[in-house]
Structures are given as structure tokens and as C-alpha cells.
1. Look through Ala412, Ala419 and report the one residue that is farther than 30 Å from Pro17 by Cα and of a type outside the set (Val, Ile, Thr).
2. Any residue at all in the stretch 316-325 that's surrounded by fewer than 20 Cβ atoms within 10 Å (Cβ to Cβ), assigned by TED's automatic domain parsing to the domain that holds Ile479, assigned to a strand (DSSP E or B) and of a type in the set (Ser, Thr, Tyr)?
3. Looking at the stretch 427-442, is at least one residue under 17 Å from Leu297 (Cβ atoms) and touching a residue at least 60 places away in the same chain (Cβ under 8 Å)?
4. If you go through the stretch 444-490, how many residues are among the hydrophobic types (A, V, I, L, M, F, W, C) and surrounded by fewer than 18 Cβ atoms within 10 Å (Cβ to Cβ)?
5. Quick one: Gln406 ticks every box in (1) closer than 25 Å to Arg325 by Cα; (2) crowded, with 20+ Cβ neighbours inside 10 Å; (3) assigned by TED's automatic domain parsing to the domain that holds Ile482 bar one, so which box is it?
6. Which residues, taken from the stretch 319-345, are in contact with a strand residue (DSSP E or B) (Cβ under 6 Å, 6 or more places away or on another chain) and free of Cβ contacts under 8 Å to residues at least 12 places away in the same chain?
7. What residue, among those in the stretch 286-324 that are in contact with a Lys or Arg (Cβ under 6 Å, 6 or more places away or on another chain) and among the acidic types (Asp, Glu), is farthest from Lys258 (Cα to Cα)?
Amino acid sequence: MDTENSLEMKGIVKGFPGVLALDQVDFQLRKGEIHALVGENGAGKSTLVKILGGIYPKDAGEVVIAGQTVDIRNPHHAQDLGLSFVYQELNLVPFFSAMENIALGLRYPRNRFGLINWALLFRQVKEAASQVGMELDLKKRVDELSVAQRWMTATLKALMLQAKVMVIDELTSSLTKDEIELLFRIIKRLKQTGVSIIYISHRLEEIFQLADRVTVMKDGKKVDTLQIKDVDISRLISLMVGKEVKQRFPKEEIPIGKKIFSVRNLSGGIIRDVSFDLHRSEILGFAGLVGSGRTELARLIFGIDRKESGELFLNGDRITVDSSREAVKRGFALVPEERREQGLVSGMSVKENITLTSLPRYVHSWWWPLLSASKEQQTIEEFVKSFSIHTTGVTQKVAYLSGGNQQKIVLAKWLASGAKIFILDEPTRGIDVGSKVEIYKLVEALAREGAGIILISSELEEIVNICDRIFIMYNGMIIKKIIAKETTMDEILNYCQGQKVKRGKVKEEYPTEEKTVD
């Protein structure tokens, strides 16, 4: 092993029934390096990391750590070897304090009576935190901490376990800009202390802010390893998808139609007096920081949460939507933020998920109310083809598909229901760049066919380039309404953070309306 490397993986092979997930993959991590690992969903990144973490056994190849060839038997063995893993779904006990979570798995310092010396342990953890610039209330319960503070808790636990290699996987998708900047500073401090870091993210702009080198994977193979200074984002995307991507945000000019849906003075939970109109063929963006009320607004509209006051109008007629069942009957569709938990039935097949909201369409007739397998099969095949869903077959369980393909199935499910108003909450979160482009094209196709679309996203570049208008939320209110092509990401960010909020009127761009901001 090269003495500059803290980790080497040589010729790693891993297969699953019918799939070669990793094909002779080589990977090297230098001491004190931040090495980005990128690729589309299904490229093999997760499988490679799970082999390193002792979750999957490799079929062939060699893993070398600190100059020694090792066969990582299980996660505890990986931990003993100085490997630590911090995932987006942090493995913390919510009703334990930060200190108690950090202490789990440690060899506790003991006092002369054989009891845990908590005072000494607190001092040791605080010292480790100060070394990397963390400020954290160790006595606070984890479920009372912010997402960034929970990440700090998991990281401190790794440091107390004396980790020499850290794998950080998709952490920033739910964080604010300030929280992301804080975490980046901490990651850089970790590097300065000699920790080697494998950083995995679909947000490619982060790679250029953090990484020293980047390894690109595609279809279970390593494409290339490059110095970050020798590559730009266009080149990186081309390597990931295997072809040049000319447009990351495909957007065509589609004439905006008549008003299709209106919300008037809607309140409930943290939502306060929200009003807006949605038109046919319009993509209406909702921006705001985590906790600004975007998701809560979507849940009120879709009837999941009960409103306290306000009115909804569909094609000019006042409607009542007091349940998700009623919302579906009215032609609404909700693609939720958590697609795996809320948008899909992971134990069911591609076919069953797509037709789940529209089963009455596939019965033989009113007098023979049994499902027509041929009708259902024809519809499924059309959606799989038109949505470019990559699957081994329509009977494959959706749990085994990539994030991008799962999201396409959620969209197909609602399109099959005949929905005309789509509420898309973070539709591209955790999805690779190639699948994002495909999702954008599907959204454009929906708009072209006359659907009204509400797009909620934390990715400002996405909001600016995909939407027609942008509504900015802050503390449960719409505080600004902007034509997308007349604004910038910096301006939107300032409004999202409340830096440009003024008392007065919030103008509706079309048709002209006014409402007072408290």
C-alpha cells in the first residue's frame, strides 16, 4: 500500500441476483484528504461503502487499511478498524441526550467505585468538540436538536471512537445555507486534524467547495479519479451520465392558461393567512428555509392537516378538501418530500404502485367489477416506456429501484389517476443529475398538457430555472412573489432569510392582487 493512503480498495467485485453491482472497482483515500465519490443512482456508490462498513461481504478484491489487508466482517469490526459512517438518516436515539448518544459504544472512563465518570467524559467530549470548532449543548435531547446539531452529535461520536476514516453520505439536503456553511467548516477542521473523509453528495456544487479529489462511478465501475482543480461541473456531469448534458434545466416557453386553483386566507398550524392563484400550464415555485411552512402549506391544501380558516377554489367554484381522499377525487396529486415512506408502498411492485390511485379505471365493467389484467398491463407498460423507468420488470418491488426511478413511479401513479393539480415537494431530493433532468422534462410535459404545478424546493437553482413564478415563505407566510426570469438566487436567498422583508403590500404578478403582510 502507498504510505500516503489511509485506505485502498482493489478490484472490488460484488454481485446480487441478476445484477453485477461492482465490477473490479479500485478506490484510494489519502491521509487527511476529502475525496468525493459521485455517480448516478445505481452507480455502485452505496454498495462500495456498505462493503467498507461491513454490511455486505465482497465477492472478490482486497481492502487495505493502515497497511494491512483486512476482511471486514461486520459494522463493529469496521468501527474497530477506525472507520466511521455518518448518513443522512442519522443513527441516534431521539429520547437520549447528545452526550448519552455519544457515549453509546464507548469504553467509558470509570471512577474508583467502578461507575461511569460522567464529569471526565463530558470534559473529553468538549475537548474533542473544541478541536473541530463545534458548539453543542450535550445535555439536550436529540429530538430537540436541529439537523445540523444532530450531525455534530454523530460526528463527535465518531471522533470519540478515534475514527481515522469518515464516510459522510448525503447530509445537506435538509439544511439551511448557514447550517451547510457551518458543517463545511467542521469538515475542513476534521481534515486538518488528520481525518480522511469520503464525501458522497448529489449536490455537485458542494464537491467543488470541499473535495481535493473526486472519483466518478457509473454502472458499477470506476470511470475516473480526478483532481478537483482539473475538472468543472459540466465535465463531471458528462462522466456521470456517460454523455454530454447540454441542458441541466430544460425549460420551454409554455403559454400560461386560465386560473385553475385559488387559495384565500388559508391558516392552520404555522400557516398564516396565505393566498395565491395557480394557472393552467404554470409551474409555481415555493421557496423558503426549512421550517418556513412550505410542506405544511402542501399538507393543508391536500387535506392531510386540518385548516383553521380560509377557502379553496377549483375552476372558480368553492370546494371543501378535508381529507386526502377528497383531494384525490378533486384531481389533486401530492408527491411528498419523503417518497419512500409516504409516496410508495415499498413492498409492492412497480405495477401495483402505479395503479394504486386509479384501480377503478381497470375494472371490466360496472356489472363485472373485477380488475382487467390486460388493461392494467397495457397502462403500466406505457408509463414504464414513456417515463424511462429502469426496472427488471413491472413485477419488481419498488424498494429495489434507484431514487430517480422511484420518483418517476410516484409521478406516474398520480398521472394515471387523472390529476390536474400537482403538488411536488422536493421532487429531486437525493436524485442524481441525470435523473433530475428526466424529472424536469416530465414536469414540463405535465405543464404542456395543461396541469397546474406547485413546486416546493430547497434548491434555489432549480426554483429559478424551472418555475414561472416564485413565492417565498417565511414564518408561515408568503412574503414575496416574483417572476422567475426577473430574479436571482441571491435575491431569493435574502428573502428566505428574512433580510429584505418589509411591512406593506405583497403584489400578485398576475392577475393583480394585493394583501397586507403583518
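1. Selected residue: Ala419, the only one of Ala412, Ala419 that is farther than 30 Å from Pro17 by Cα and of a type outside the set (Val, Ile, Thr).
2. Of all residues in the stretch 316-325, those surrounded by fewer than 20 Cβ atoms within 10 Å (Cβ to Cβ) come to 316-320, 322-325.
Filter again for assigned by TED's automatic domain parsing to the domain that holds Ile479, leaving 316-320, 322-325.
Remaining after also requiring assigned to a strand (DSSP E or B): 317-319.
Those left that are additionally of a type in the set (Ser, Thr, Tyr): none.
No: the stretch 316-325 contains no residue that is surrounded by fewer than 20 Cβ atoms within 10 Å (Cβ to Cβ), assigned by TED's automatic domain parsing to the domain that holds Ile479, assigned to a strand (DSSP E or B) and of a type in the set (Ser, Thr, Tyr).
3. Step one: list which residues in the stretch 427-442 are under 17 Å from Leu297 (Cβ atoms), which gives 427.
Now narrow it down to the ones that are touching a residue at least 60 places away in the same chain (Cβ under 8 Å): 427.
Within the stretch 427-442, one or more residues are under 17 Å from Leu297 (Cβ atoms) and touching a residue at least 60 places away in the same chain (Cβ under 8 Å).
4. Going through the stretch 444-490, the residues among the hydrophobic types (A, V, I, L, M, F, W, C) turn out to be 445-447, 451, 453-456, 460, 463-464, 466-467, 470-473, 477-479, 482-484, 489.
Still in the list and also surrounded by fewer than 18 Cβ atoms within 10 Å (Cβ to Cβ): 445, 483, 489.
So the answer is 3.
5. Unmet for Gln406, out of (1) closer than 25 Å to Arg325 by Cα; (2) crowded, with 20+ Cβ neighbours inside 10 Å; (3) assigned by TED's automatic domain parsing to the domain that holds Ile482: (3).
6. The one that is in contact with a strand residue (DSSP E or B) (Cβ under 6 Å, 6 or more places away or on another chain) and free of Cβ contacts under 8 Å to residues at least 12 places away in the same chain: Ile319.
7. Per the stated criteria, the residue is Asp305.
Yes/no per residue for (1) in contact with a helix residue (DSSP H, G or I) (Cβ under 9 Å, 6 or more places away or on another chain); (2) outside the structural domain of Ile207 (by TED's automatic domain parsing); (3) in contact (Cβ under 8 Å) with a residue 40 or more places away in the chain:
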{"residue": "Ser6", "(1), (2), (3)": "no, no, yes"}
{"residue": "Lys14", "(1), (2), (3)": "yes, no, yes"}
{"residue": "Pro17", "(1), (2), (3)": "no, no, no"}
{"residue": "Leu37", "(1), (2), (3)": "yes, no, yes"}
{"residue": "Lys50", "(1), (2), (3)": "no, no, no"}
{"residue": "Gly53", "(1), (2), (3)": "yes, no, yes"}
{"residue": "Gly61", "(1), (2), (3)": "yes, no, yes"}
{"residue": "Thr69", "(1), (2), (3)": "no, no, no"}
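The values are calculated or read from the model by the stated rules, or taken from the named source; none is laboratory data. In this text, all values refer to a predicted model and were calculated from it rather than measured experimentally. Neighbour counts run over all protein chains shown; Cβ positions are idealised from the backbone, glycine included.
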